[in-house]
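Participant: I'd like to ask some things about the structure below.
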Amino acid sequence: MPVPTGAVTVTYQAPLRELRFVLHELIRDKRLSESARYPDYSVDFADSVLDAAGEFAQEVLAPINRVGDTKGVTWTPDGVVVTPEFKNAFAQFVAGGWTQLRGPQAFGGQGVPAVLGTAVEELWGSANLAFKLCPMLTQAAVEAIHRCGTEQQKQTYLPKLISGEWTGTMQLTESQAGSDLSAIRTRATREGDHYRIYGQKIFITWGDHDCVPNIIGLVLARVDGAPGGVKGISLFIVPKFLEGADGKFDQRNDVRCVSIEHKLGIHASPTCVLSFGDSSGAVAYLVGEENRGLEYMFIMMNAARLSVGLEGYALSEASYQHALAYARARIQGKPKNPQAGAKGALPIASHPDVKRMLLTMKSTTDAERALAVYAAMQFDLAQNETASAARANLLARGELLIPIVKAWCTELGVRLTSLGVQVHGGMGFIEETGAAQFFRDSRICPIYEGTTGIQAGDLAGRKVARDAGTAMFALIEDMQAELKSLKSNDAAVAAGTTIAIESIALLRSATESLLAAWRQDPDRALSVSVPYLMLSGFVIGGWLMAKSQHIAAAASSGDAEFYASKLQLTRFYLEHVMPECLSLASVVMNGVDSVMEADPALL
Ligand SMILES: Cc1cc2nc3c(=O)[nH]c(=O)nc-3n(C[C@H](O)[C@H](O)[C@H](O)COP(=O)(O)OP(=O)(O)OC[C@H]3O[C@@H](n4cnc5c(N)ncnc54)[C@H](O)[C@@H]3O)c2cc1C
């Protein structure tokens, strides 16, 4: 039996084509290409970056995905050691200038718009999620220092983080402080122009490794005497190596990786327990003002949550590519209807149920990608907008969408990569096919960077209830108005648009119901906040898929095969995937009491 392996079957041509469609046709906005902020941004520029990224993902990152899964990383008393393959890939990533893509130009970055950065990151996540996390966290550290650091901190750290000479980490979690960061105990003591940090952080991704000589931690800690709770948390820069008298960063700081975790997936990404201050205290530099650390972290959260959200569909895309290749190669079963033309044994891709699984994987992945890139664009447009009211509206829409991208895409990532295993049958359960790795790797995505429950609470509370639904109702209005303005003589397209419009009406009713529940008691809204979030994702995805259907139906020239495929995928999404909105809306509107009245003692 042919067993397609990880490196052989994934091709980036299909996702690249889809990314071009999303960027240049579906969410195209001339405000971006005309922006003085991005003078180099054009269709040709975006395509050339995507092509080069696709090639790097395919040639360098995908071939070592399984190597990382099987060999993992090694803890030693002197530090964490990654495989030579990963070390080499990281060096190539740096040499190719990829660490610079999103960094600010003033410090050696290319400063590309978030839409393009988001598109490229999908390719890294598809090819090798464990690898992707290192540049992603470095980018988050760059953003924190750039937005909140002093001029001296920017000059010291940004050029080296952006060039890839050093990497960065985000260090929030402690054993008693996960979702609830108010419980942080790591403490900081003032000492002249710096601080000394004592305590322990757990689960720190790429917290230690040997790809680069220095690692810059962005660490949350509590200054001695600070108020309790979230109001007493500060943000610090804690480098692994400090600057010596000669200007070289060769003085070992008092922070050490004391162990690494053994995990379900992303084996090549070191998940570290870091201990601070075992001897003299780890030297740390305050970012911004004392006690505003969580606020600064939240500035970075949008980018980090968007980036984790895209991991959900990046893995689904890779899983789909593998499943499709397998389903075309695997012969099993005979046609039920020989008159239809097929004779003899069939590739499983021809069985209606396998076709259904593949259509589910591909169409849902496309909807998620469209939503994530649309969300990223709100921040690009906001940065470029000079009118304050318009800018505030763009930011409000972007922020509304962030928890939906994070949680909807990652929850679906688990579902879709599981379908990828299912398409393979028994071979999906066998590691050589690579199908199982995508499933295992995807399981962390709804957990880290704020669990699905935390995202849903953010959506219901901060994003919907706080402004009495203003941002959500504005999006609902825009989606509905746009779809109502689209006309088609094609019956399937018209039917798809009707489904999407009806689902938007469901989201309106569910939003009103959620707001009423929140006003009564926030816990009532929180008891249905995850179904509400999932409903929002399917509906907004449905709007973008209905729009895509119209674009594909109207396309008269160019890539006929692509548009024909787009037509069948959008139709499938609207007819097969969207009906889940009915059950989710019903849960939001009728399911509060069965949670509220349930006694946890009887669970
Ligand atoms: C592989 C890996 C990598 C990680 N990388 C990093 C990193 O680089 N930096 C870092 O700082 N952290 C990192 N983390 C930590 C990660 O962000 C936390 O594990 C996550 O935020 C959840 O916290 P917790 O594990 O303490 O779970 P808990 O907070 O104990 O949550 C357990 C369950 O309770 C639910 N829950 C808890 N509180 C609420 C609430 N208020 N409302 C609704 N539901 C709630 C959660 O949704 C979850 O289902 C990583 C974790 C892992 C496993």
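The values are calculated or read from the model by the stated rules, or taken from the named source; none is laboratory data. A quick note: this is a predicted structure, and the numbers were derived from the prediction, not measured. Methodologically, a virtual Cβ is constructed for each residue, glycine included, from the backbone with ideal geometry; neighbour enumeration extends over all protein chains shown. Please note that ligands, DNA and RNA were not included when accessible areas were found on the heavy atoms of the full protein model with its side chains. Shrake-Rupley method; radii C 1.70, N 1.55, O 1.52, S 1.80 Å.
Participant: Just to check your reading of the model, which residue among Asp40, Asp29 is at pLDDT below 95 and open to solvent by less than 60 Å² (accessible area, probe 1.4 Å)? First the steps, then the outcome.
Facilitator: Working: Asp40 fails: open to solvent by less than 60 Å² (accessible area, probe 1.4 Å).
One residue alone meets the criteria, Asp29.
Participant: Of all residues in region 182-218 being of a type in the set (A, V, I, L, M) and within 9 Å of the ligand (Cβ to nearest atom), which is least open to solvent (accessible area, probe 1.4 Å)?
Facilitator: Quick first cut of region 182-218, residues of a type in the set (A, V, I, L, M) only: 183-184, 188, 197, 202, 204, 212, 215-216, 218.
Subset that is within 9 Å of the ligand (Cβ to nearest atom): 202, 204.
On the way: Ile202: 28, Ile204: 3 Å².
This residue is Ile204.
Participant: Might you check whether a residue that is away from the ligand (no atom under 16 Å from the Cβ) and farther than 19 Å from Leu306 by Cβ occurs anywhere in region 396-407?
Facilitator: No: zero hits.
Participant: Here is a further query. Can you name every residue in region 243-256 that is more than 16 Å from the ligand (Cβ to nearest atom) and closer than 29 Å to Ser182 by Cα? Even if it seems obvious, please write down each step before you answer.
Facilitator: So in region 243-256, the residues more than 16 Å from the ligand (Cβ to nearest atom) come out as 243-254, 256.
Residues satisfying the conditions are Asn253, Asp254, Arg256.
Participant: Next question. Residues Ser548, Ser529: which one is under 27 Å from Thr470 (Cβ atoms) and crowded, with 23+ Cβ neighbours inside 10 Å?
Facilitator: None of the others qualify; the one that does is Ser529.
Participant: While we're looking at this one, here's another question. I'd like to know if region 60-82 contains one or more residues that are closer than 16 Å to Gly117 by Cα and open to solvent by less than 10 Å² (accessible area, probe 1.4 Å). Before the answer, list the steps.
Facilitator: Going through region 60-82, the residues closer than 16 Å to Gly117 by Cα turn out to be none.
Within region 60-82, not a single residue is closer than 16 Å to Gly117 by Cα and open to solvent by less than 10 Å² (accessible area, probe 1.4 Å).
Participant: Does region 426-433 include one or more residues that are assigned to a loop (DSSP other than H, G, I, E, B) and either more than 15 Å from the ligand (Cβ to nearest atom) or farther than 29 Å from Thr173 by Cβ (or both)? Explain how you work it out, then say what you get.
Facilitator: From region 426-433, those assigned to a loop (DSSP other than H, G, I, E, B) are 430; that's our starting set.
Now restrict to residues that are either more than 15 Å from the ligand (Cβ to nearest atom) or farther than 29 Å from Thr173 by Cβ (or both): 430.
Taking every residue of region 426-433 in turn, at least one turns out to be assigned to a loop (DSSP other than H, G, I, E, B) and either more than 15 Å from the ligand (Cβ to nearest atom) or farther than 29 Å from Thr173 by Cβ (or both).
Participant: Are there any helices (runs of 4 or more DSSP H) wholly within region 516-603 with 2 or more residues that are over 27 Å from Lys463 (Cα atoms), and if so which? Please lay out each step first, then the result.
Facilitator: On the way: elements: 522-526, 529-554, 560-572, 580-590, 592-596.
Those helices (runs of 4 or more DSSP H) span 529-554, 560-572.
Participant: With (1) surrounded by 23 or more Cβ atoms within 10 Å (Cβ to Cβ); (2) within 7 Å of the ligand (Cβ to nearest atom); (3) not in a strand (DSSP E or B) as the list, and Ser179 as the residue in question, which single condition is left unmet?
Facilitator: So Ser179 meets the others, but not (1).
Participant: Among the candidates Glu399, Glu317, single out the residue that is open to solvent by less than 10 Å² (accessible area, probe 1.4 Å) and in a helix (DSSP H, G or I). First the steps, then the outcome.
Facilitator: Details: Glu399 fails: open to solvent by less than 10 Å² (accessible area, probe 1.4 Å).
Criteria check complete, one pass: Glu317.
Participant: Moving on. In region 446-480, which residues are open to solvent by less than 40 Å² (accessible area, probe 1.4 Å), outside any helix (DSSP H, G or I) and more than 10 Å from the ligand (Cβ to nearest atom)?
Facilitator: Gly469
Participant: While we're here: Here are the criteria: (1) open to solvent by less than 30 Å² (accessible area, probe 1.4 Å); (2) over 33 Å from the mean Cα position of the chain (by Cα). Tell me which single one Ala349 does not satisfy.
Facilitator: Every condition holds for Ala349 apart from (2).
Participant: Of the residues Gly164, Gly125, Gly149, which single one is open to solvent by less than 40 Å² (accessible area, probe 1.4 Å) and at positive phi? So that I can check it myself, show each step before the final result.
Facilitator: On the way: Gly125 fails: at positive phi; Gly149 fails: at positive phi.
The unique qualifying residue is Gly164.
Participant: Can I ask one more? Go through (1) within 16 Å of the ligand (Cβ to nearest atom); (2) open to solvent by 10 Å² or more (accessible area, probe 1.4 Å); (3) over 21 Å from Trp166 (Cβ atoms); (4) polar (S, T, N, Q) and name the single condition Ser234 misses.
Facilitator: Every listed condition holds for Ser234 apart from (2).
Participant: Which one of these is assigned to a helix (DSSP H, G or I), within 21 Å of Phe379 (Cβ to Cβ) and not aromatic (Phe, Trp, Tyr): Val67, Val49? Let's see the steps before the verdict.
Facilitator: On the way: Val67 fails: within 21 Å of Phe379 (Cβ to Cβ).
Just a single option satisfies the conditions, and that option is Val49.
Participant: Would you mind stating whether Lys355 is of a type in the set (Lys, Arg), part of a helix (DSSP H, G or I) and over 20 Å from the mean Cα position of the chain (by Cα)? So that I can check it myself, show each step before the final result.
Facilitator: Working: of a type in the set (Lys, Arg): yes; part of a helix (DSSP H, G or I): yes; over 20 Å from the mean Cα position of the chain (by Cα): yes.
Considered against the rule, which asks whether it is of a type in the set (Lys, Arg), part of a helix (DSSP H, G or I) and over 20 Å from the mean Cα position of the chain (by Cα), Lys355 comes out as yes.
Participant: Let me ask you something else. Could you list, in sequence order, all residues of region 257-287 that are among the small types (Gly, Ala, Ser), more than 10 Å from the ligand (Cβ to nearest atom) and either in a strand (DSSP E or B) or surrounded by fewer than 24 Cβ atoms within 10 Å (Cβ to Cβ) (or both)? Lay out the reasoning, then the answer.
Facilitator: Of all residues in region 257-287, those among the small types (Gly, Ala, Ser) come to 259, 265, 268-269, 275, 277, 279-282, 284.
Of the ones still in play, those that are also more than 10 Å from the ligand (Cβ to nearest atom) are 259, 268, 275, 277, 279-282, 284.
Within region 257-287, Ser259, Ser275, Gly277, Ser279, Ser280, Gly281, Ala282, Ala284 meet the criteria.
Participant: Being within 16 Å of the ligand (Cβ to nearest atom) and outside any helix (DSSP H, G or I) is the filter here, so list the residues in region 434-445 that pass it.
Facilitator: Hits for region 434-445 are Arg443, Ile444, Cys445.
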